[in-house]
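Heads up, the thing below is written out as structure tokens.
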Amino acid sequence: AKAVAAKGSGGKGKKGRGSSHEHPFVRECREMYADNMGMRRIVGGLMLVTCCMGLFYFWAHSHRMAENLSSPSIMILGRTQKGDPIMIDDFREAYWWLRDNTPEDSRVLSWWDYGYQINGIANRTTIADGNTWNHEHIALLGRSLVSSVKKSHRIVRHLADYVLVWSTRYGGMWGDDIAKSPHMARIGGSVYKSIKPDDFYQDEQGNPSPMMKRSLIFNAVNYRLDPNVPEFPPETYEEAYTSKNRMVRIYKVLRVSKKSRKYGKEGHGYRSWLAGRPLLSAYPPALQKILDEKEDFKQLEDFNRKDVSKEKKLLIEAKAADDDDE
């Protein structure tokens, strides 16, 4: 009886290494593993070498990237068609041209990306920079750049003395102001509904839409470099400077409003901010008709809006809670 019990318990116990119930494939793998100690060592060594090589590559790549990122972003090391190194210095040259060839109180209109560089290197006042949080002000800037040349001049002449654009596509870098211009149109159209972002684009062949073709940004980037771009209308803009590699272009604004310029120098915007009044008084009165066309930019998550109903606030809070839970 004890023998039978032992046999029964052994049959239900853990399978041994040589158990007849083990699958043939598993048994074969186990035998190969036990019989190929040399191969296992070789595979292990190769894996160790691969890991070391990967770590060395990561170390070298990190140091190479650190060196590249530490270089001045306005000076780029490039190569000629023969492979010789060349320093592309168009951006610094353009900012120094502004510094050395324009009055100290000149105002420069450009897309906000370059505001800090213009202010810090050229020492000139900019219309916007990376710290401009006022979406509606950026929208006015976007409207100025994507509107037709004549319509843009009606705004720009009250705000700036010069217009600066990046035309880096002529130096082999395609991320210039034309590439950014659909984004300018979207921001402008979010406040000024007369701007239709869907009408502002380039097709698959790079051909501009009629709206883009008429815009200030397209004409300023391509003027004289694209034979299809016409002359600027009289008394609007004139070319003042084009960098050596045609990557930066600066235009002088003609017929700048003297009244608006004087109004800007009087510091109405700062005094309004200091007194807690709306900052619309920062703009020259001549722009009031343009400003009246805007619709206040609203965000769904803006709890400071007075027109947000209690129910809508509850829905927003519920959605935020769901996102937190996820």
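The values are calculated or read from the model by the stated rules, or taken from the named source; none is laboratory data. Owing to the predicted nature of the structure, the values given are computational and were not obtained by experimental measurement. When we count neighbours, we look across all protein chains shown, and the Cβ atoms used for this are built from the backbone with ideal geometry, even at glycine. Heavy atoms of the whole protein, side chains included, go into the accessibility calculation; ligands, DNA and RNA do not. Shrake-Rupley method; radii C 1.70, N 1.55, O 1.52, S 1.80 Å.
Odds and ends about this structure:
- Top-ranked residue in region 176-188 [being open to solvent by 10 Å² or more (accessible area, probe 1.4 Å) and more than 11 Å from the chain's Cα centre (by Cα); ranked as nearest to PHE297 (Cα to Cα)]: ILE187
- Evaluated against (1) touching a Pro at 6+ places or on another chain (Cβ under 6 Å); (2) surrounded by 19 or more Cβ atoms within 10 Å (Cβ to Cβ), SER260 falls short on exactly one condition, (2).
- Hits in region 171-196 (condition: of a type outside the set (Lys, Arg) and either at pLDDT below 95 or part of a loop (DSSP other than H, G, I, E, B) (or both)): GLY171, GLY172, MET173, TRP174, GLY175, ASP176, SER190, VAL191, TYR192, SER194, ILE195
- Taken over region 79-96, residues that are touching a residue at least 40 places away in the same chain (Cβ under 8 Å) and either surrounded by fewer than 17 Cβ atoms within 10 Å (Cβ to Cβ) or touching a Leu at 6+ places or on another chain (Cβ under 9 Å) (or both) amount to 2.
- Strands (runs of 3 or more DSSP E) within region 60-120 that include 2 or more residues more than 20 Å from GLY172 (Cα to Cα) and modelled with pLDDT of 95 or more: 107-109
- Conditions (1) modelled with pLDDT under 95; (2) within 27 Å of the chain's Cα centre (by Cα): number failed by SER281: (2)
- Residues that are of a type in the set (Phe, Trp, Tyr) and open to solvent by less than 40 Å² (accessible area, probe 1.4 Å) within region 195-240 comprise PHE200, PHE218, TYR223, PHE232, TYR237, listed in sequence order.
- Under the condition of being open to solvent by 60 Å² or more (accessible area, probe 1.4 Å) and at negative phi, the residues counted in region 121-134 number 4.
- In a residue-by-residue description of region 154-169, the property of being touching a Gly at 6+ places or on another chain (Cβ under 7 Å), more than 30 Å from ILE86 (Cβ to Cβ) and open to solvent by less than 40 Å² (accessible area, probe 1.4 Å) applies to no position.
- Selection status of ALA139, in contact (Cβ under 8 Å) with a residue 12 or more places away in the chain, part of a loop (DSSP other than H, G, I, E, B), in contact with a helix residue (DSSP H, G or I) (Cβ under 7 Å, 6 or more places away or on another chain) and surrounded by fewer than 23 Cβ atoms within 10 Å (Cβ to Cβ): no
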